[in-house]
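Quick note: the coordinates plus some simple rules give every number you see, no bench work behind them. Every value quoted in this text rests on a predicted model; they were computed, and no experiment measured them. Note: ideal-geometry Cβ built from the backbone for every residue, glycine included; neighbour counts use all protein chains shown.
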Amino acid sequence: MNLNLLSKACLVASSACLISACSGQESLNSTKGSQEDLAVAAASKALTLKGHKGFKPTGEIHKVDNSEGASAYEIVFSNGSKTFEVDVLSDSYTAYEIEEDIELNAIPQDVQAAAAATGEDIQACGHYQKAVKLDSGDEVWFEFEECNNGKIDIEVKQDGLQVVTDENDQTARDMS
């Protein structure tokens, strides 16, 4: 057996495997990128349709399982003075919620009282949002995010003051 020929055959075979593995990884990365691009486009369109023009993605994107167990993207947009988070289903690229970052004092007193009735210190939450649920007739909810040192989120529906707590929220926004 020719050792030189065998050595060249091994080199060719290993090169072919490496090229194949690398091109497969590139395909996975470009698929992920195109999925995020589709989600960002859907989120941007939803913001524009709701009258929020001039907002650009900040680059902060989280892929999560939402409260209904569906996979979704949370995409952050800003215009320099206001910030929105848009939630988009990853299977259909449908925007289902637009959340505006707000200050605690912008939340109605009855909503604050309902959130405080959970026993959490709502003044110590990480941030606050006014959420419009696009998939529920534009219901308005107020969100008290990352309360109790990031362990719990509280949501209160504006009409009827229904309270929902989430002790399993896995995402934390980059608030720096």
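Quick rundown of the values:
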quantity: Gained length - Ala113 relative to Thr94, 0.36 nm times residue gap less alpha-carbon distance; calculated: 3.6 nm
quantity: Inter-probe distance in nm under a simple model that places probes 7 Å from Cα toward Cβ, at Glu139 and Ala70; calculated: 1.4 nm
quantity: Exposure proxy ranking, count of Cβ atoms within 10 Å, fewest first, for Tyr93, Tyr73; calculated: Tyr93, Tyr73
quantity: Asn149 versus Lys82: modelled label distance in nm, points set 7 Å from Cα along the beta carbon direction; calculated: 3.6 nm
quantity: Hz values of 3J(HN,Hα) by residue in the range 107-121 - Karplus curve (6.51, -1.76, 1.60), Gly and Pro given as x; calculated: 8, x, 4, 5, 6, 4, 5, 5, 5, 5, 5, 6, x, 7, 7
quantity: Proxy reagent accessibility, fewest Cβ within 10 Å first, across Thr94, Thr48; calculated: Thr48, Thr94
quantity: Potential lengthening between Val163 and Glu60 on full extension [0.36 nm per residue; Cα-Cα distance subtracted]; calculated: 34.3 nm
